[in-house]
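All remarks here apply to the structure that follows.
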Amino acid sequence: MPRYHTLGSIPSKRHTVFKDADDNFLYEELFGTIGFDGMSTLLYHTQRPTQVKKILKSYDVSPKIAVEKNMKSLSLRGYEVAPEKDYLKSRVPVLVNSDCQISLAATSESLRDYFYKNTDADEVLFIHKGTGVLRTMLGNIKFSYGDYLVIPRGMIYQIDFDTDDNRLFIVESRNPIYTPKRYRNWFGQMLEHSPFCERDMHPPSELETYNEEGDFIIKVKKQDYIHEYVYAYHPFSVVGWDGYNFPYKFSIHDFEPITGRVHMPPPIHQTFESSGFVICSFVPRLYDYHPQAVPAPYNHSNIDSDEVLYYVDGDFMSRNNIEVGQITLHPAGIPHGPHPGAMERSIGKKSTEELAVMVDTFKPLMVTEQALKLADDSYYKSWINH
Ligand SMILES: [Fe+2]
C-alpha cells in the first residue's frame, strides 16, 4: 500500500553490509512489483532466498469454465461449498475473467504443511467466519470476522485458524489492488473525505524469523499452474524489512459509510480498486433523509460491468429471500433493481444493518462448473410479480 512501514532490524543504509550478532551475513532481497516502478520492499534474510533444492510436480489448477459468455442473472448458495481441510483445495472458483477470479472457501484446518505463493495475482481474503493468524514472510496479521486481508502477489504465506468452521470470500486480481485514488492526495495520504484512513489499515505487527535448514515446500501459483518447489531453508527467514509492498488488514467494520439526503450511488461504498474491477463494502448505515427519499436503489443498467454481491450479514433491503453467504451476479447488458415490493418496503425506513461485499468487474465474468452446482436456476425470473 502507498505508505512506508518497517518491521524488525534493517541496516541504516540500503545495499550495505549487514550482519547478525554472530557476525553472519544477512542477505538483502528487493521485493517489488511492476518491474522496478511499482511499490517495493527491501528485506533481509538469514539465508539466501534462492536455494531451490528440488522441484516436485507442476499441475493445472485453472478454473473449469461452464459458461463462457454469460448473460443470466445468477444466485449462488455460497454456504453450500463443502468444508475442506487443505487450504488450496478448499478454494472453489466460481466467477472468473482475465482480470480476476472470485472463489469461496470453507477451510477447516490451518495451512501448516506447506507454504503458498501466488505470483499471478494479488489476493483479497474476506473473512466471513473464523479467526486466526495470517503468517507471511513479512510478519503476522491476526484476523477475525469482517477483515479484508490484502496480500500482494509473491508474498509467501500460511494461515493458522483458531476455528474449524471458517468461511472465506476470495478475490484474486491480476493487476495490483489499491485503495481508491480519489481518496488520496498526490503523496498517497488518505484525505479527509475518505471513508477510512491509515489508522484503519493494519500491516504485519509481529515478525517470526527462522534460520532452519530442511525441506520446505512452497506451492507457487503461476499461469494457473501450481509448481511445488522444495527450498533448503525456511521461507520465513526475514530479520527485518522496510518499504511499501506488504500485506495488510482492513476491517469492513471500520468502513465509515457516506450517506445523503437522497440515494447515493454505489461508488460511495468503494473500498479497493484495480484496473479491472472495484470492491465495495455495504455496511450498516442511516438511510437517505429527504422526507420523500426512496432508500432502495433505483433500477440500474450497469451496462458494461458485471456486478457480484456477496451477502455477509443483516437484512439486505433490496432483495427478497437472501441468505448469508449467498452470491448474486447481475450481468452487464441488462438492468436489475429491487425485487418486487422492496422499493415500497424501503420508504420511511431510517437505517439498515446490511453487510455485503460487492465486486464490479469491467469485463464479463465466466461461470465455473462448481458455481453451477450452487446456482438457483430460477433466480433470473425473480423480478416478476407473483
Ligand atoms: Fe446493482
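The set of residues in the stretch 236-256 that are open to solvent by less than 20 Å² (accessible area, probe 1.4 Å) and in a loop (DSSP other than H, G, I, E, B) comprises 236, 237, 245, 246, 247, 255. Among the residues of the stretch 337-348, is any farther than 30 Å from residue 166 by Cβ, exposed (fewer than 14 other Cβ atoms within 10 Å of the Cβ) and of a type in the set (Val, Ile, Thr)? So far as the stretch 337-348 goes, yes, one or more of its residues are farther than 30 Å from residue 166 by Cβ, exposed (fewer than 14 other Cβ atoms within 10 Å of the Cβ) and of a type in the set (Val, Ile, Thr). Counting the residues of the stretch 335-352 that are closer than 16 Å to residue 288 by Cβ and more than 16 Å from the ligand (Cβ to nearest atom) gives 7.
Residues of the stretch 85-107 that are open to solvent by 30 Å² or more (accessible area, probe 1.4 Å) and of a type in the set (Gly, Ala, Ser): 98 alone. A search for C-beta distances below 9 Å between a residue of the stretch 325-338 that is of a type in the set (Val, Ile, Thr) and any residue that is within 11 Å of the ligand (Cβ to nearest atom) and open to solvent by 20 Å² or more (accessible area, probe 1.4 Å), counting only pairs 6+ apart in sequence or on different chains, returns 334/301.
Quick grid of which residues meet (1) over 19 Å from residue 223 (Cα atoms); (2) more than 24 Å from the chain's Cα centre (by Cα); (3) in a strand (DSSP E or B):
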residue: 21; (1), (2), (3): yes, yes, no
residue: 38; (1), (2), (3): yes, no, no
residue: 79; (1), (2), (3): yes, no, no
residue: 95; (1), (2), (3): no, no, yes
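Which one is nearest to the chain's Cα centre (by Cα) among residues in the stretch 309-334 that are near the ligand (Cβ under 10 Å from one of its atoms) and modelled with pLDDT of 90 or more? Ranking the qualifying residues of the stretch 309-334, first place goes to 309.
Answer yes if at least one residue in the stretch 363-375 is in contact with a strand residue (DSSP E or B) (Cβ under 7 Å, 6 or more places away or on another chain) and within 15 Å of the ligand (Cβ to nearest atom), and no otherwise. Within the stretch 363-375 (the criterion being in contact with a strand residue (DSSP E or B) (Cβ under 7 Å, 6 or more places away or on another chain) and within 15 Å of the ligand (Cβ to nearest atom)), the answer is yes, since at least one residue qualifies.
One residue stands out among those in the stretch 361-386 that are under 25 Å from residue 266 (Cβ atoms) and charged (D, E, K, R): the one that is least open to solvent (accessible area, probe 1.4 Å), which is 376.
Screening the candidates 56, 111 for the property of being assigned to a loop (DSSP other than H, G, I, E, B) and either open to solvent by less than 10 Å² (accessible area, probe 1.4 Å) or hydrophobic (A, V, I, L, M, F, W, C) (or both) yields one hit, 111.
Is there a residue being assigned to a loop (DSSP other than H, G, I, E, B), open to solvent by 10 Å² or more (accessible area, probe 1.4 Å), within 11 Å of the ligand (Cβ to nearest atom) and in contact with a Ser or Thr (Cβ under 9 Å, 6 or more places away or on another chain) anywhere in the stretch 289-303? Looking for residues that are assigned to a loop (DSSP other than H, G, I, E, B), open to solvent by 10 Å² or more (accessible area, probe 1.4 Å), within 11 Å of the ligand (Cβ to nearest atom) and in contact with a Ser or Thr (Cβ under 9 Å, 6 or more places away or on another chain), one finds at least one in the stretch 289-303, hence yes.
Out of all the residues in the stretch 267-285, is one or more modelled with pLDDT under 95, more than 13 Å from the ligand (Cβ to nearest atom) and surrounded by fewer than 20 Cβ atoms within 10 Å (Cβ to Cβ)? So far as the stretch 267-285 goes, no, none of its residues is modelled with pLDDT under 95, more than 13 Å from the ligand (Cβ to nearest atom) and surrounded by fewer than 20 Cβ atoms within 10 Å (Cβ to Cβ).
One residue alone among 259, 271 is in a strand (DSSP E or B) and under 27 Å from the mean Cα position of the chain (by Cα), and that residue is 271. Restricting the first member to the stretch 94-113 and to residues that are in contact (Cβ under 8 Å) with a residue 12 or more places away in the chain, and the second to residues that are assigned to a strand (DSSP E or B) and surrounded by fewer than 18 Cβ atoms within 10 Å (Cβ to Cβ), the beta-carbon pairs closer than 6 Å and six or more apart or on different chains are 110/160. Cβ-Cβ contacts under 8 Å between residues 6 or more apart (or on different chains), taken from a first residue in the stretch 354-366 that is in contact (Cβ under 8 Å) with a residue 24 or more places away in the chain and hydroxyl-bearing (Ser, Thr, Tyr) to a second residue that is away from the ligand (no atom under 13 Å from the Cβ) and open to solvent by 10 Å² or more (accessible area, probe 1.4 Å), are listed as 361/97; 361/99. Going by the structure shown, is residue 358 open to solvent by 30 Å² or more (accessible area, probe 1.4 Å) and not in a loop (DSSP other than H, G, I, E, B)? Taking the combined requirement at face value, the residue does not satisfy it.
The values are calculated or read from the model by the stated rules, or taken from the named source; none is laboratory data. No experiment lies behind these values; they were computed from the predicted model shown. Please note: Cβ atoms are built from the backbone with ideal geometry, for glycine as well, and neighbour counts cover all protein chains shown. Each accessible area value is taken on the protein alone, full model and side chains, heavy atoms only, with ligands, DNA and RNA left out. Shrake-Rupley method; radii C 1.70, N 1.55, O 1.52, S 1.80 Å.
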